[in-house]
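None of the figures in this text is laboratory data; all of them are computed from the coordinates on show. In this text the structure is predicted, and so the values were computed from the model without any measurement. We place every Cβ from the backbone using ideal geometry, glycine too, and count neighbours over all the protein chains shown.
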Amino acid sequence: MKLITYVRMGKVGFGVLKNEGIIELSGRIGNDVMSIKSLLKQNLLEKTQEIYNTMSPDIPLSEITYLPVIPDPEKIFCVGLNYQEHKEETGRPDVENPTIFTRFANTQTGHLQPLLKPKFSDRFDYEGELAIVIGKGGRNISEDKALDHLAGYSCYNDGSIRDWQRHTSQFTPGKNFPLTGPFGPWLVTSDEVGDYTKLPIETRLNGKVMQKAKLSDLIFPIPRLLNYISTFTPLSVGDVIVTGTPGGVGDRRDPQVYMKPGDVVEVDIGKVGTLMNFIATD
């Protein structure tokens, strides 16, 4: 199934995609089930599947504005330098543990929405990535049980302001400008994706392929990431982990390539879908 969060007629809702339309789920399963996160917390994916199997869409896609898949995650963890090609292009050494930094929920945006280039910098770079959403919380999650904790997968573009990212050794300033983290278009449940390592990932800027890899190329695979992160903090339902970007970022090209107003950027991840945004200025 593909779960989607949106605005329609000024009201936030969520639903499941079916035949180019949406079966609205807000309040349909229960008065307190008003978001994907609340649905996951109450373990209602099987009930959602029943609704999907028996009902027709209520809303055409043309009537919605996409929101981030999970607009209000408790935590967003991003993984740096998790593809060998990207690590090599940055000149970073091998490490024993994942490089983890955080992004704030209010920096996110949705599919087909503006991706804002800050007026403070012209070094606005793309980073196509696979995002995972936690469906079952936990602490000290073992690698062999890690995938049981996933609700599903989505696309993410970790829009990066490179000069601000390098003010110090900490990435946070360059990763948290408003509306620089597109997340979507939807959450694809784990059963529909199957083996995530077989997924291709590609980032395109104005139709030109800039990044291309396979999820099997991750240096630290998803089970290792869940094990590592859940060791230092509990993972909660709805938390998001953005798993890293392949080589080919604009900042490491010669000549360098940065996103500018009017550009269109896409992150395409096989069965998961294609996230598209256009660049605007704040």
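Numbers below:
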read-out	value
Scattering profile of the chain at q = 0.07, 0.17 Å⁻¹ [log10 I(q)/I(0), Debye over alpha-carbon scatterers]	-0.23, -1.42
In nm, spacing of pseudo-spin labels at Gln49 and Val12 (7 Å Cα→C-beta vector)	2.8 nm
Distance violations [Cα-Cα > 19 Å] among Lys41/Lys136; Lys41/Lys198; Lys37/Lys136; Lys11/Lys37; Lys11/Lys75	Lys41/Lys198; Lys11/Lys75
Cα-Cα pairs of segment 41-81 separated by more than 15 Å (percent)	70 percent
Which listed pairs, of Lys18/Lys260; Lys47/Lys260; Lys145/Lys212, have C-alpha distances above 32 Å, in listed order	Lys18/Lys260; Lys47/Lys260
At R0 = 35 Å, FRET efficiency that the Cβ-Cβ distance of Asp163 and Glu143 yields, to 0.05	0.40
Tilt relative to the chain, helix 45-54 - C-alpha long axis, 0 to 90 degrees, to 10	60 degrees
Cα-based Kirkwood hydrodynamic radius, segment 2-66, one decimal, Å	11.7 Å
Angle between the chain longest axis and helix 222-232 axis [Cα atoms, degrees, rounded to 10]	90 degrees
Three-way shape label, segment 54-182, alpha-carbon gyration tensor, a/c 1.5	oblate
Interchain or long-range residues, amide H under 5 Å from Gln113's placed H	Phe278
Segment Ser56-Thr102, length gained on full extension (0.36 nm per residue, minus Cα span)	12.7 nm
